[in-house]
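The values are calculated or read from the model by the stated rules, or taken from the named source; none is laboratory data. Note that the structure is predicted; figures quoted are calculated from it, not measured. Glycine gets a Cβ as well: all are built from the backbone with ideal geometry, and neighbour counts include every protein chain shown.
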Amino acid sequence: MNNEKKATRQSYGEALAQLGKENKKIVVLDADLSTATKTNIFAKEFPNRFFDIGIAEQDMISTAAGFATCGKIPYASTFAVFAAGRAYDQIRNSVAYPNLNVKICATHSGVTVGEDGATHQMIEDISLMRTLPNMKVMSVSDDVQTKWAVKEISKIDGPVYLRLSRLATPVLYDENKKFEIGKAVQIGEGTDCTIFATGITVAESLKAKEELKKQGINIRVVDIHTIKPIDEEIIIKCAKETKRLISVEDHNIIGGLGSAIAEVLTSKYPCKLERMGIKDVFGKSGKAEELMEYFEIDYKSIVKTILNNN
Amino acid sequence: MKITDINQLKTISKEIRRSILKQVYSANSGHLGGSLSIADILTVLYFNEMNVDEKNPKWENRDRLVLSKGHCSPALYATLAEKGYFSKEDLKTFRNINSNLQGHPDMNKVPGVEMTTGSLGQGLSVANGMAIVGKLDNKSYRVYCIVGDGEIEEGQIWEAAMSSNKYKLDNLCVIIDNNNLQIDGSIEEVKNSYPINEKFKSFGFEVVTIDGNNIEEIIKGLEKAKNTKGKPTAIIAKTVKGKGISFMENQVDWHGKAPNEEQYNIALQELN
């Protein structure tokens, strides 16, 4: 981890513009939020391949489906709440069911959207998207991983939901780090506890790991960038090797990362999992950092949880 | 090969109507009324108008049809089978557990089906996407989209209409099957989307109103659409729900039910 901070939406915008240079099939759609989703970087470079569909997310998703039927690789972006929420039926019936090659890249996920408040804080998108057959679900944690994912998903022929964040967070990985879709990244070998994290909570978990180390507690962090298909192997491995299992996510504790892990554990290696996340309540306005503390998904809350019941 | 002889096209549309009836009767479910109202439109599209190759359904330069009112799958299946995309024998399996002919069309299961549809309101956006690619890649293909007059109560249709206009999609023609009936009653009673022509006009479309059960008028309407440059065309096709079977015509309760044996036999006789 270095001191540089960058939001995954920014990394997304940059990676997309780069991908546009390499692959002429890439087209990008947005719904009047290109300055916030950062698709404006692509738009500036490739105006002919950028389509601002206006404040019409349902139209945007179905139009992307139409592009895909003609061999294009559309990346459709808006805030997570308007993609997975507003256009759910379009994603279900015009993208997932026909298994079309549409990449839904949703920024501003979770309560870390901040000041905009509950209407804009999407805490149920992982749940909604992973329940769709054919859909792959990814949630990336830093600049390096995001740039890898943006390119990697262009190689998959089928729908992908990529979850991105508004808040600038630390760059966690070396730029040469290798990732693989469906394979989580284990950071550390500690056996006192495993923290399964995704997206914005990976950095918080790593901070917690450092704090706990000072107190002689050695934990490991597993960065689950692919929530579907989930890495069953690493979940079972960590369940066997560590004393406690905790999941932490900027998402409702119902249906998200914790639920996905629990599904693996119940059928393959039954044991206790403590789920940290938004506790089935809507978000609220505030600074992202304050909200992480308030909803107990920040590193302090993780440390507290581990110390309290250790 | 394009058929220009009107009588021949009429014969084909009659055969398509018989196939629609047989499918719904054998499945004992399905949507007859709206399928019968678009039988003539589909006949003209597939046998007179569209550049398609049933032997090469994925031909890159083919014209494309999105049946946005996907519940009228019996009409699409009947037309595609008549055209030779697949065997007419398959029509007997409509809605069966092992059939490719799903209740609503599945593009991955049926050759010639361009888009999976069923949830109303989405097809025009998809057609826009196809038409934009045509423009982007300098292809000469055209895109057709059939929507129901009830379907245009979905807000997404109007989101899409704004996009058709924005991107000046003169390679796109939307056909509104205006049979004036939807499940809960007449168009006026349920939500009243009239005047449909003025709505599309104000959204930037060239608007043509035709008798959608008249082969010659359908041909003329599509010709006008093809000659319109710089903007999309909307054809308001005035049709009769249940067209061709006397006791089903303009009867809202024939939207989505199958005939019994006696009704089936009478209907089949009327279509001979």
Out of all the residues in segment B:95-108, is one or more farther than 25 Å from B:Lys241 by Cβ and of a type in the set (Gly, Ala, Ser)? yes
Every residue from segment A:260-300 that is of a type outside the set (D, E, K, R) and under 22 Å from A:Glu241 (Cβ atoms): A:Ala260, A:Ile261, A:Ala262, A:Val264, A:Leu265, A:Thr266, A:Ser267, A:Tyr269, A:Pro270, A:Cys271, A:Leu273, A:Met276
Tally time: how many residues in segment A:276-310 are assigned to a loop (DSSP other than H, G, I, E, B) and at pLDDT below 95? 2
Could you check segment B:75-113 and list, in sequence order, the residues that are among the β-branched types (Val, Ile, Thr), farther than 14 Å from B:Ile16 by Cβ and crowded, with 20+ Cβ neighbours inside 10 Å? B:Val110, B:Val113
Kindly provide the set of residues from segment A:239-275 that are in contact (Cβ under 8 Å) with a residue 40 or more places away in the chain and assigned to a strand (DSSP E or B), ordered by number. A:Leu245, A:Ile246, A:Ser247, A:Val248, A:Glu249, A:Asp250, A:His251, A:Asn252
Collect the residues in segment B:118-128 that are farther than 13 Å from A:Val95 by Cα, out of contact with any Lys or Arg (no Cβ under 8 Å at 6 or more places or on another chain) and assigned to a helix (DSSP H, G or I), keeping them in residue-number order. B:Leu124, B:Asn128
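Listed here are the residues, each with its yes/no results for (1) in a loop (DSSP other than H, G, I, E, B); (2) in contact with a strand residue (DSSP E or B) (Cβ under 7 Å, 6 or more places away or on another chain); (3) surrounded by 21 or more Cβ atoms within 10 Å (Cβ to Cβ).
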residue: B:Lys2; (1), (2), (3): yes, no, no
residue: B:Asn7; (1), (2), (3): no, no, no
residue: B:Gly34; (1), (2), (3): no, yes, yes
residue: B:Ile41; (1), (2), (3): no, yes, yes
residue: B:Asn56; (1), (2), (3): yes, no, no
residue: B:Trp59; (1), (2), (3): yes, no, no
Tell me whether segment A:54-63 contains one or more residues that are among the aliphatic types (A, V, I, L, M), outside any loop (DSSP other than H, G, I, E, B), under 27 Å from B:Arg142 (Cα atoms) and modelled with pLDDT of 95 or more. yes
Check B:Leu80, B:Leu136 and return the single one that is free of Cβ contacts under 8 Å to residues at least 60 places away in the same chain and more than 14 Å from chain A (Cβ to nearest Cβ). B:Leu80
Mind checking which residues of segment A:42-53 are in contact (Cβ under 8 Å) with a residue 12 or more places away in the chain, assigned to a helix (DSSP H, G or I) and either within 8 Å of chain B (Cβ to nearest Cβ) or under 19 Å from A:Ala84 (Cα atoms) (or both)? A:Arg49
Going by the conditions given, is A:Ser77 more than 14 Å from chain B (Cβ to nearest Cβ), part of a strand (DSSP E or B) and at negative phi? yes
Would you mind finding the one in B:Ile146, B:Ile218 that is assigned to a strand (DSSP E or B) and either more than 10 Å from chain A (Cβ to nearest Cβ) or modelled with pLDDT under 95 (or both)? B:Ile146
Can you pull out the residues in segment B:223-241 that are of a type outside the set (A, V, I, L, M), in contact (Cβ under 8 Å) with a residue 40 or more places away in the chain and more than 18 Å from B:Lys168 (Cβ to Cβ)? B:Lys238, B:Thr239, B:Lys241
Checked against (1) more than 10 Å from chain A (Cβ to nearest Cβ); (2) under 30 Å from B:Asn250 (Cα atoms), B:Thr116 satisfies every condition except (1)
With respect to A:Glu211, is the statement that it is under 25 Å from A:Ser109 (Cβ atoms), touching a helix residue (DSSP H, G or I) at 6+ places or on another chain (Cβ under 9 Å), assigned by TED's automatic domain parsing to the domain that holds A:Ala197 and surrounded by fewer than 20 Cβ atoms within 10 Å (Cβ to Cβ) true? no
How many of the residues in segment B:155-176 are part of a loop (DSSP other than H, G, I, E, B) and more than 9 Å from chain A (Cβ to nearest Cβ)? 4
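To keep it simple, each residue is scored yes or no on (1) over 22 Å from B:Arg64 (Cβ atoms); (2) modelled with pLDDT of 95 or more; (3) facing chain B (nearest Cβ under 10 Å).
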| residue | (1), (2), (3) |
| --- | --- |
| A:Ala68 | no, yes, yes |
| A:Lys72 | no, yes, yes |
| A:Val81 | yes, yes, no |
| A:Gly85 | yes, yes, no |
| A:Asp89 | yes, yes, yes |
| A:Leu100 | no, yes, yes |
| A:Thr107 | yes, yes, no |
At least 2 residues that are closer than 14 Å to A:Ser301 by Cβ in each: list the strands (runs of 3 or more DSSP E) lying fully within segment A:191-237 that qualify. A:193-197
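A quick yes/no check of all residues on (1) surrounded by fewer than 18 Cβ atoms within 10 Å (Cβ to Cβ); (2) within 30 Å of A:Ile153 (Cα to Cα):
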| residue | (1), (2) |
| --- | --- |
| A:Ile195 | no, yes |
| A:Lys237 | yes, yes |
| A:Glu241 | yes, no |
| A:Val248 | no, yes |
| A:Glu263 | yes, yes |
| A:Arg275 | no, yes |
| A:Asp280 | yes, no |
| A:Lys284 | yes, no |
| A:Tyr294 | yes, no |
